[in-house]
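Q: Below is a structure I'd like to ask you about.
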Amino acid sequence: MITKKTMNKEKKEGVSNAWQGVILEESLSDKSLLDMVTIVGTNVSKLESENRVMTFHQVEVPASSEQEYVAKAMKTIKPAFYTHLCRDGHMTVIYQGKTFSFVDGDPQLIEAIDYGKSVGIISEQMPFQHLITNPFD
């Protein structure tokens, strides 16, 4: 895999009390979800074995917009993908039509992984315990 990292020039300073996460641009059926976030970084990866490019946006969502963001993300994320948001040790994982919210050690974390597997996501692509404290990874 070849990876290129770029920083978004539209970075807004001072987003406080924000949820942080990652959105894979190619996982969205409606890219207007990106209008609801502040993009603080972008990683573009070319998967040579599949000959396609994946665009990972590191995002921040103001706490005041989190519920609206989650509702829209559930409608715009494609099947077999997820996006996540983390803040203060809490995580929300958003699949098409379903969400899971939990802290590390909560049974909902295992349920979120099991659900992801049931829609075709491999375990290695759901490192939720790590992402809780490292949401941009």
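Q: Could you please find all residues in segment 54-76 being of a type in the set (A, V, I, L, M, F, W, C) and part of a helix (DSSP H, G or I)?
A: So in segment 54-76, the residues of a type in the set (A, V, I, L, M, F, W, C) come out as 54, 56, 59, 61, 63, 70-71, 73-74.
Of everything in segment 54-76, those that are of a type in the set (A, V, I, L, M, F, W, C) and part of a helix (DSSP H, G or I) turn out to be Ala63, Val70, Ala71, Ala73, Met74.
Q: Let me ask another. Working only within segment 104-126, note down all residues that are surrounded by 13 or more Cβ atoms within 10 Å (Cβ to Cβ) and closer than 12 Å to Met91 by Cβ.
A: Asp104, Asp106, Gln108, Leu109, Ala112, Ile113, Met126, listed by residue number.
Q: Right, another one. If you check Asp114 against the conditions, is it among the acidic types (Asp, Glu) and within 19 Å of Glu60 (Cα to Cα)? Show your work before the answer.
A: Values: among the acidic types (Asp, Glu): yes; within 19 Å of Glu60 (Cα to Cα): no.
It is false that Asp114 is among the acidic types (Asp, Glu) and within 19 Å of Glu60 (Cα to Cα).
Q: Would a scan of segment 77-89 turn up a residue that is free of Cβ contacts under 8 Å to residues at least 24 places away in the same chain, surrounded by fewer than 18 Cβ atoms within 10 Å (Cβ to Cβ) and either out of contact with any Phe, Trp or Tyr (no Cβ under 8 Å at 6 or more places or on another chain) or outside any strand (DSSP E or B) (or both)?
A: Of all residues in segment 77-89, those free of Cβ contacts under 8 Å to residues at least 24 places away in the same chain come to 88.
Next, only the ones that are surrounded by fewer than 18 Cβ atoms within 10 Å (Cβ to Cβ) stay: 88.
With the extra rule that they be either out of contact with any Phe, Trp or Tyr (no Cβ under 8 Å at 6 or more places or on another chain) or outside any strand (DSSP E or B) (or both), the set shrinks to 88.
There is at least one residue in segment 77-89 that is free of Cβ contacts under 8 Å to residues at least 24 places away in the same chain, surrounded by fewer than 18 Cβ atoms within 10 Å (Cβ to Cβ) and either out of contact with any Phe, Trp or Tyr (no Cβ under 8 Å at 6 or more places or on another chain) or outside any strand (DSSP E or B) (or both).
Q: Suppose the filter is without any contact (Cβ under 8 Å) to a residue 40 or more places away in the chain and surrounded by fewer than 13 Cβ atoms within 10 Å (Cβ to Cβ); does Glu68 pass it? If you could, list the steps in order and put the result at the bottom.
A: Values: without any contact (Cβ under 8 Å) to a residue 40 or more places away in the chain: yes; surrounded by fewer than 13 Cβ atoms within 10 Å (Cβ to Cβ): yes.
So Glu68 passes the test.
Q: Residues in segment 36-53 that are part of a helix (DSSP H, G or I) and buried (at least 18 other Cβ atoms within 10 Å of the Cβ): how many?
A: If we filter segment 36-53 for residues that are part of a helix (DSSP H, G or I), which is where we start, we get 36.
Subset that is buried (at least 18 other Cβ atoms within 10 Å of the Cβ): none.
Of the residues in segment 36-53, 0 are part of a helix (DSSP H, G or I) and buried (at least 18 other Cβ atoms within 10 Å of the Cβ).
Q: Next question, about the same structure. For residues that are touching a Phe, Trp or Tyr at 6+ places or on another chain (Cβ under 6 Å) and of a type in the set (A, V, I, L, M, F, W, C), scanning just segment 16-35, find the one that is surrounded by the fewest Cβ atoms within 10 Å (Cβ to Cβ).
A: Taking segment 16-35 first, the residues touching a Phe, Trp or Tyr at 6+ places or on another chain (Cβ under 6 Å) are 22, 24, 27.
Going one step further and asking which of them are of a type in the set (A, V, I, L, M, F, W, C), we end up with 22, 24.
Numbers: Val22: 19, Leu24: 17.
So the residue we want is Leu24.
Q: Mind counting the residues in segment 127-137 that are surrounded by fewer than 17 Cβ atoms within 10 Å (Cβ to Cβ) and assigned to a helix (DSSP H, G or I)? Outline the logic, then answer.
A: Quick first cut of segment 127-137, residues surrounded by fewer than 17 Cβ atoms within 10 Å (Cβ to Cβ) only: 127, 129-130, 133-134, 136-137.
From the residues that got through so far, the ones that are assigned to a helix (DSSP H, G or I) too are 129-130, 133.
Selection size over segment 127-137: 3.
Here, each number is a calculation from the coordinates, and none is a lab measurement. Being a predicted model, the structure only gives us computed values, none of them experimental. Glycine gets a Cβ as well: all are built from the backbone with ideal geometry, and neighbour counts include every protein chain shown.
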